[in-house]
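Reading through the structure tokens given below for one structure.
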Amino acid sequence: MFKKSKKDILQAPRGMRDFTGNEYRKYQNFWSIAQKIAENSGFSGIETPIMEHTEIFQKGVGKGTDIVDKEMYNLETIGGDRLTLRPEGTAGIMRSYIEHGMGSLPQPLMFYYSGPFFRHEKPQKGRYRQLYQFGLEIMGSKTPIHDALIIQVGYKIVKKTGKEITVEINSLGSNDERAAYIEKLRLYYKENIENIAKSDLARIETNPLRILDSKEESTKLINKNAPLLTENLGEESQKYFDTVLVYLKEINIPYKIVPSLVRGLDYYEHTVFEYVTFDEKGNKSNALGGGGRYDGLAEKIGHSKAVPSVGLGLGVDRIIEISDNNEFKDNKTIGIYLIGLGEQGNKKALSVINQIDINENLRLYCTLTEANLKKQLSRAEESGANYAIILGEEEIKKGLAILKNLSTREQKEINLKNIKEEISKL
Ligand code: HAM
């Protein structure tokens, strides 16, 4: 049997990472900003299991998509269930909506969610096997204003990167229009089969829409004359799309219609979109997030009724990676390094920690070790804390502590009885 070497098992699985220190905080700060924006826009939280029955994704996201065909982490439980680590959130949330009869509640329901997702992709910068998403879903409504609301709230969150963001948008039309268009496209690719890149050939049968955003040069040439989806929309679908665009214009969201934008999941119809940025040379970034309308998903996974819905998923790893402002850094919190000297000092430190109110906007650092003042002060300076509170045995006897500003190096004595108030004043 193949045995993993010691070195291998002491490394996180490929495409998966550990987070500590500042990196950990950036994710936490991102979550809290995104959550606040979602809650201030009418959404409430939902949490579903990290696994679903494999069929939920096979039927929902669709066989023929890369996610289902190549990237899922599938497992069979001891009890014989076939489960999959969720590659995305929407299908599981729709399962939850159906299971709990949420259709009988006043519609629409507006959810936000966050957490890890799993795709067995080729790892590279901005592409992980354990990735993090923040998502929004509006379920039980078919009106263009909800498409606009989803795009707007996602835009507000992605703008926190400090980058100029473009919304790329397209309409896939209704399910029937989309199906008719796929047939047209399949025929077109078959007619031009000799000029299509080898790696794209299988998709003519399985998923011709995905050939539209092929990176292969020869296929790109063929794509230049491929029939356009936007020219195959029925009157109603066109009207729906135009209304979404009018709303976006009214709220000043910069968008660009991109007819080749089809997205990699099968459940979409009508509106689809992605958030992107461009560098100085005009090169487009990976999508920072994307979404669209999925009116047919409920039926695809076995519900008797359609549940028209629209939503998005934001790529948290990518958003944090491209951020050039301090929004996700830990810069709004006061850092205090608590230095206890000797047993008495550390005992006092325990009692100070006990008194601190959870509402205080502060981050406390301490080690509660026997290390001397010099060592602890140098750790305090490295930690990024703004202040140190020094609890030395002599001062404690007098009921005092020393408060030191780590950037100006000024220090003063404070009364231990008032330590809570002194901390609040910082
Ligand atoms: P998605 O486009 O597959 O959509 O994923 C959303 C975002 O997650 C992407 O735009 C990207 O930023 C990020 N992402 C995807 N794969 C990776 C990866 N391997 N590494 C890092 N980031 C990644 C969905 O998942 C849909 N559920 C969105 C949705 C919600 N549509 C309607 N409602």
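Some points to look at:
- Cβ-defined net charge surrounding Glu321, 14 Å radius [Lys, Arg +1; Asp, Glu -1]: +3
- Close amide-amide hydrogen proximity is noted between Ile356 and no other residue 5 or more places distant or on a separate chain, at a cut-off under 5 Å (H modeled in the peptide plane; Pro and chain starts excluded).
- Once you divide the Cα radius of gyration of the range 269-402 by 2.2 N^0.38 Å, the number left is 1.83.
- The range 31-146: C-alpha pair distances exceeding 18 Å, %: 57 percent
- For the range 339-344, backbone phi angles converted through the Karplus equation (6.51, -1.76, 1.60; θ = phi - 60°) give residue-by-residue couplings of 10, x, 10, x, 5, 4 Hz, Gly and Pro being listed as x.
- Cα-based equivalent ellipsoid, the chain: semi-axes from gyration tensor eigenvalues, Å: 51, 24, 22
- Computed [θ] at 222 nm, deg cm²/dmol, the chain (DSSP H ≥ 4; -39,500 (n - 2.57); rounded to nearest 500): -10500 deg cm²/dmol
- Scalar couplings 3J(HN,Hα) for the range 375-383, obtained by applying the Karplus form with A = 6.51, B = -1.76, C = 1.60 to θ = phi - 60°, are 4, 5, 5, 6, 5, 4, 5, 5, 6 Hz; x denotes Gly and Pro.
- Under the simplified labelling scheme, the Glu381-Asn74 pair shows an inter-label distance of 5.9 nm, with each label point 7 Å from Cα along Cα→Cβ.
- For the range 198-293, the alpha-carbon coordinates run over 44, 38, 24 Å along the three principal axes, in decreasing order.
- Under the Debye formula (equal points on every Cα, no solvent term), log10 I(q)/I(0) of the range 237-335 at q = 0.23 Å⁻¹: -1.30
- The range 227-386, relative contact order [Cα under 8 Å, separation at least 6], %: 14 percent
- Ranked by how many other beta carbons lie within 10 Å on average, peptides 301-313, 87-99, 16-28 from highest: 87-99, 301-313, 16-28
- Per-peptide average of other Cβ atoms within 10 Å, ordering 183-191, 76-84 highest first: 183-191, 76-84
- Relative to the current alpha-carbon distance between Phe19 and Gln152, full extension at 0.36 nm per residue lengthens the span by 44.9 nm.
- Among 293-299, 273-279, sorting by the average number of other beta carbon atoms lying within 10 angstrom of each residue, highest first, gives 293-299, 273-279.
- Sequentially through the range 178-188, phi angles give Karplus couplings (6.51, -1.76, 1.60; θ = phi - 60°) of 5, 5, 5, 5, 4, 4, 4, 5, 4, 4, 4 Hz, Gly and Pro residues having no value and appearing as x.
No lab work stands behind these numbers, since they all come straight from the coordinates. Note that the structure is a prediction, hence the values are computed from the model and not measured. Counting neighbours? That spans all protein chains shown, and the Cβs are built from the backbone with ideal geometry, glycine included.
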